[in-house]
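The values are calculated or read from the model by the stated rules, or taken from the named source; none is laboratory data. Since the structure is predicted, the reported quantities are computational estimates derived from the model, not experimental observations. These area figures cover heavy atoms from the full protein model, side chains too; ligands, DNA and RNA do not enter into them. Shrake-Rupley method; radii C 1.70, N 1.55, O 1.52, S 1.80 Å.
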Amino acid sequence: VSGNMDKMRRCIAEAIKTQKLSSEDASKVHFPNIIHSTVLRFRRVPASTPTKQALDYFEQNVLPKVTSIFAGVVLEAPDVKMIVEHNAYMHIPNDERHVKLELP
């Protein structure tokens, strides 16, 4: 909405150009056009009544209000890490195998 994520992506792309990355790593740089944040996750659609009720409540009462809940909130990122994701869902260890570049 504000365009700040696009600005951050451009800033990171410029910073990456100044780093010494292998040609293999540089060729794999990809900026997804989504922002992935997990608030609540289930392995599959809940079948049990209490869990299903919690999911339904979240979808009906929280999701519609997300924009207003976070209006005016400023999030700061003290550093940015360029990572390699071997498995889906962002389960990424903070180690040398996965973190290829860290920008302060």
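The stretch between residue 24 and residue 95 holds 23.7 nm of extra length on full extension. This uses 0.36 nm per residue minus the Cα-Cα distance. Heavy-atom accessible area, probed at 1.4 angstrom with all protein chains present, ranks 82, 5 as 5, 82, highest first.
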